[in-house]
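The values are calculated or read from the model by the stated rules, or taken from the named source; none is laboratory data. Predicted, not measured: the structure shown is a model, and the values here were computed from it. Here the Cβ positions follow ideal geometry from the backbone for every residue, glycine too, while neighbour counts run over all protein chains shown.
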Amino acid sequence: METTSTQQNTVIKAIVLDIEGTTCPVTFVSQTLFPFARRQLSKTICSENRPSNVTAAIEEAIAEWKNDPESKSQALLLRASNQNQPTSEDIIHYFDHLIQNDRKSTALKELQGIIWEQGYAAGELQSPLYGDVVPALNAWTQQGITLAVYSSGSVKAQQLLYAHTTDGDITNRFSQWFDTRTGPKLNADSYRIISQSIGLKPASILFVSDHPRECDAAAEAGMETRFCLREGNPFSDGGDHQMIHNLGEIKL
Ligand SMILES: [Mg+2]
């Protein structure tokens, strides 16, 4: 029998896709989404009629700040006019410090999510997908393949991105969504959990990403892999993983 592109005639029943660098240019996130959130941050925090979710995120940020042991964070708090109730301006300084140092903050992530939601809803943000993405998703859907997303952005951010693409709302193509709450993307166990969640053996699942170490972790868990190389991507060497330049190259 003729061998197919998937090794050992394994039948692929599900495809798990990374987003940045795979279906959407990395620059959309780094040069559009994050700068947009930064620009809107002051306006959102200082607004007179703050929605309750913004107020809740600000309160969470203050609690995080008070418990942040890092010396620069503590120095900023000492400089705040009222350390128990920092002003909006103080909080913006703290957020800037977190952003500049690439620090993780649940409150900041929450606020960015709220700002992006507003931006998408207002039509100020639209996610650009590579031209081959929607045709490939449609073809796989017609073949009865289960489609899932695994990205480091929160599931909420993933759904917003796919609900407002240059090709319209494509969220209905995906039946499962995974973010780092499932586990780190470089950890093989995360892919084992995903495979259990989808209800298929890892060998029946194909994982596609622009990150060679993510492909390594998926392969370690037993998944099929494709390394996706797009123009402008940070990684160009996919190691042992079969390389593709667009999703249309994947033949099942
Ligand atoms: Mg990626």
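Some notes on this structure:
- Evaluation of Gln242 against (1) crowded, with 21+ Cβ neighbours inside 10 Å; (2) under 22 Å from Asp132 (Cα atoms); (3) out of contact with any Leu (no Cβ under 6 Å at 6 or more places or on another chain) (one fails), failing number: (1)
- Restricting Arg173, Arg181 to residues that are under 30 Å from Pro51 (Cβ atoms) and of a type in the set (D, E, K, R) narrows the list to Arg181.
- Test for Asp90: is it under 29 Å from the mean Cα position of the chain (by Cα), in the same structural domain as Leu41 (by TED's automatic domain parsing) and in a loop (DSSP other than H, G, I, E, B): no
- Matching residues, segment 208-246, being among the hydrophobic types (A, V, I, L, M, F, W, C) and outside any loop (DSSP other than H, G, I, E, B): Val208, Cys215, Ala217, Ala218, Ala219, Phe227, Cys228, Met243, Ile244
- Only a single item in (1) buried (at least 18 other Cβ atoms within 10 Å of the Cβ); (2) modelled with pLDDT of 95 or more; (3) closer than 26 Å to Arg213 by Cβ; (4) more than 15 Å from the chain's Cα centre (by Cα) is not met by Ile170, and it is number (3).
- Of all residues in segment 1-49 being within 16 Å of the ligand (Cβ to nearest atom) and aliphatic (A, V, I, L, M), the one that is modelled with the lowest pLDDT: Val29
- Of all residues in segment 201-222, those satisfying the criterion of being surrounded by fewer than 17 Cβ atoms within 10 Å (Cβ to Cβ) and away from the ligand (no atom under 15 Å from the Cβ) are Lys201, Glu220, Gly222.
- Sole exception among (1) of a type in the set (Asp, Glu); (2) closer than 30 Å to Ala217 by Cβ; (3) not in a loop (DSSP other than H, G, I, E, B) for Asp102, by number: (3)
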